[in-house]
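Only the coordinates and a few stated rules stand behind these numbers; no lab work does. Keep in mind that this is a model prediction, so the values were computed, not measured. Virtual Cβ from ideal backbone geometry, glycine too; neighbours counted across all protein chains shown.
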Amino acid sequence: MKTCNILRPLALLCLMLNVMSAYSQNKYRWTDELALLRSIDRLPEYRSGCLIEQFSSYDRTWGNDDGFSGKYSYLRKEDGKLVIAEMKGAGVINRIWTPTPNDNMLCFYFDGKKDPGLRIRFSDLFSGKVFPFVKPVCGNEVGGYYCYLPITYAKSCKIVMEGEGLQFIQIQYRQLPGTKVETYDGTFTDADKALLNDVCNTWAATSPQADTYSNGRSAGTTVSEKTITLKPGDEVTCFESNVPGRITGIEIDGGTAFEGPDKNIILSARWDDDKTEAICAPMADFFGYAYGRPAMRNILMGRSGYTNYCYLPMPYDKSAQLKLIYRRTEGTQQPPVSVRVKIHHNTTARDAKTEGKFYSSWRRTRTPLGEYHTFLNTKGKGHYVGTILLAQGLRSGMTTFFEGDDSTYVDGRMRMHGTGSEDYFNGGWYALLDRWDRGHSMPIHGCLDYSLQMSRTGGYRFFISDKLTFDKEIFHGIEHGDVNNSYPVDYTSLAFYYSDTAPDSRMQPAGDLLKEYQPGRHTFYPQLMEITPDGDIQINNDRGLRISTGNSGNLRILLNDIPEGRYKLYMSYHETSAGTGFQIWQRQKLITDWRESHNDTDTYREDVYMGEIELTAQDNSITVHIAKNDNGNSLIVGTVTLERM
């Protein structure tokens with residue numbers, strides 16, 4: 001009897017330990033979120049009730065103080081410190097972004113505890129110096145600093161900055177109601193480290209392959225290949241299936257056929273009995289080209305070599321059909337196009353209870369003043385996974401249309417409000433050297449193009465672990481201009497999402513919508529001018545481009561990206577007490593004879609007419625010649641502007 005009495009407590013203790021162990025194993029860890037950053041096969045899965053929300057420094061008065069002053073960069077002060085985010089309930093932080101990191105300490109207080117569970121310099125979230133905040137899951141480029149390392153919490157999380165200085169910030173998190181979440185504690189098993197290394201290798205791939213994502217429901221694929229010759233007016237089926245399954249990869253090699261100002265070749269896809277196409281977009285736009293050139297190359301979509309690829313899984317219930325359509329342009333001679341198509345697919349049917357179908361929304365609009373540009377406005381159940389945007393300003397000058405904030409309304413409430421358009425794409429500081437100043441591709445985001453003189457830019461961003469869930473409806477859009485949608489812009493966008501509901505209708509890419517807009521006026525700003533000095537001159541940035549000489553010298557200014565033609569040439573410059581004379585040449589041709597920039601009173605001369613020039617692909621520069629005289633030895637150039645004749 002005594003033996004039995006002793007064994008019973010021991011048996012009960014063992015049972016309790018087993019239960020606790022099972023409970024622990026069933027907990028949702030930060031590594032479960034981490035795995036999603038490579039589990040592209042799971043993108044179609046629904047997440048009911050797990051809504052993405054965001055703390056950000058956006059101007060609550062709908063102005064443009066989205067972080068400049070720091071007024072809206074925190075919730076409140078506690079003991080001289082800044083509370084910048086506070087989440088209640090189980091959840092996970094998926095993304096932290098800023099273009100203005102500092103070395104102040106960040107403290108993450110989990111589950112109401114008095115001591116921080118994570119304490120780290122703000123800058124070290126992105127530096128790659130502190131494990132597990134490593135590159136490329138964390139890092140910086142195109143002016144923005146980003147962190148996609150997931151941070152989980154069981155009950156709550158409060159983020160506090162030890163310091164008074166904070167500007168632009170976005171902290172994106174997801175609620176995990178009803179989930180047994182294990183709070184991030186900074187301890188790592190060998191398996192944790194191996195998983196992180198695997199995710200980093202996936203993100204670092206420069207030439208993505210379909211096989212990388214052949215896991216789970218995307219496993220067991222076969223490849224259907226076809227070579228097609230398209231003639232203007234043709235509509236050719238390149239893949240068709242009449243059995244349930246999913247497409248796991250699209251690879252299309254068309255050489256340079258999709259490049260250029262005309263986007264006449266369309267990709268179309270339709271699932272099951274849907275009345276509306278799931279995809280209907282110009283090939284160039286769908287694969288992230290920018291203004292006639294390939295520009296996007298990330299882990300999911302883009303162009304590598306001559307292969308245009310998309311590895312977003314596309315499940316269907318009964319049937320699938322992909323077509324290539326070659327739109328005819330009247331009055332234009334269009335050559336036939338040879339295209340090699342590879343479709344990776346399997347016979348794993350969509351689970352209608354747990355997965356949505358893939359859809360994309362292509363839109364090109366000269367968005368009316370006062371209205372948002374809409375990426376997606378739809379009803380149903382699903383989640384948003386990606387955006388491609390091309391933004392062409394309709395007037396010359398600084399690209400202030402990219403001051404516009406993104407907004408996301410889900411199921412009747414605003415969930416996210418951004419701080420600027422390049423911020424939305426994890427970038428920052430457009431028109432500044434080595435920031436948002438040219439195209440650059442990152443694993444899931446990037447800049448597609450930036451040209452001040454053409455008044456255009458573009459970006460892309462994919463939402464993987466942080467896909468935007470909606471149970472009833474979603475509006476996702478972006479402003480154009482710093483306030484009140486006040487800047488005229490020609491927007492082309494693609495929204496990628498999964499849903500249980502096909503779109504009722506869609507914009508059809510045809511006619512003038514397939515032609516790139518060509519501005520008639522182009523302005524070059526000093527900070528991004530491509531210049532070559534010659535002779536006795538010195539150059540610095542002083543209210544513009546200051547050219548100084550001890551005797552005489554030349555400065556050549558390249559006029560790149562501008563269409564060929566005849567233009568009127570204007571230049572803005574400062575008249576100063578140290579100003580001297582200058583001439584403008586186009587190679588060996590004198591455009592402007594000696595002009596004086598000396599004035600006892602500092603005066604800014606804006607858009608002064610200098611003459612006419614002819615631009616060709618070979619003759620696309622001007623040269624400013626200055627010489628020291630009795631009045632001074634310098635010239636401060638503001639802007640150079642070309643106006644098509």
- [ ] Pairs of lysines 8 or more apart, or on different chains, with alpha carbons under 12 Å: count those in the stretch 40-176, would you?
- [x] 5
- [ ] Write down the radius of gyration of the stretch 523-644 and its Dmax, each obtained from C-alpha positions, in Å.
- [x] 13.4, 41
TODO: May I ask you to list the trypsin sites (Lys or Arg not before Pro) in the stretch 266-319 that are in a DSSP loop and have at most 15 other Cβ atoms within 10 Å of their Cβ?
DONE: LYS275, LYS318
- [ ] Could you list the square roots of 5 times each eigenvalue of the Cα gyration tensor of the chain, that is, the equivalent ellipsoid semi-axes, sorted largest first and rounded to whole Å?
- [x] 49, 34, 20
Task: lysines with Cα under 26 Å of LYS231, excluding same-chain neighbours fewer than 8 positions away - done: LYS263, LYS323, LYS342, LYS515
Task: Under 17 Å from LYS628, Cα to Cα: aspartates and glutamates that are on another chain or at least 8 residues apart - done: ASP534, ASP536, GLU575, ASP593, GLU596, ASP600
Task: Selection from ILE539, GLY565, THR592 lying farthest towards where the dipole of the stretch 523-644 points positive, charges on Cβ - done: GLY565
TODO: Can you tell me how much longer the chain between THR365 and ILE531 gets when fully stretched, taken as 0.36 nm per residue apart minus their C-alpha distance, in nm with one decimal?
DONE: 56.2 nm
Task: Calculated [θ] (222 nm, deg cm²/dmol) that DSSP helices of n ≥ 4 give over the chain, each run adding -39,500 (n - 2.57) - done: -2500 deg cm²/dmol
Task: Potential extension, GLU240-GLU162 segment - 0.36 nm per residue separation minus Cα distance - done: 22.2 nm
- [ ] Return the distance in nm (one decimal) between the two label points of a simple spin-label model at ARG595 and ASP512, each offset 7 Å from Cα along Cα→Cβ.
- [x] 3.5 nm
TODO: Report the label-to-label distance for GLU225 and LYS114 in nanometres (one decimal), using points 7 Å from each Cα along the Cα→Cβ vector.
DONE: 6.9 nm
- [ ] Write out the trypsin sites (Lys or Arg not before Pro) in the stretch 389-444 meeting two conditions: DSSP loop, and at most 13 other Cβ atoms within 10 Å of their Cβ.
- [x] ARG395
- [ ] Using the number of other C-beta atoms within 10 angstrom as an exposure proxy, rank PHE401, PHE168, PHE239, PHE55 with the fewest first.
- [x] PHE239, PHE55, PHE168, PHE401
Task: FRET efficiency, 1/(1 + (r/R0)^6) with R0 25 Å, evaluated for SER486 and ARG60 via beta carbons - done: 0.85
Open item on the list: I'd like the FRET efficiency for ALA627 and ARG395, computed as 1/(1 + (r/R0)^6) with the beta carbon distance as r and R0 of 35 Å, rounded to 0.05.
Closed with: 0.45
Task: Viscosity 1.567 mPa s, temperature 4 °C, Stokes-Einstein D of the stretch 151-273 from Kirkwood C-alpha radius, µm²/s - done: 62 µm²/s
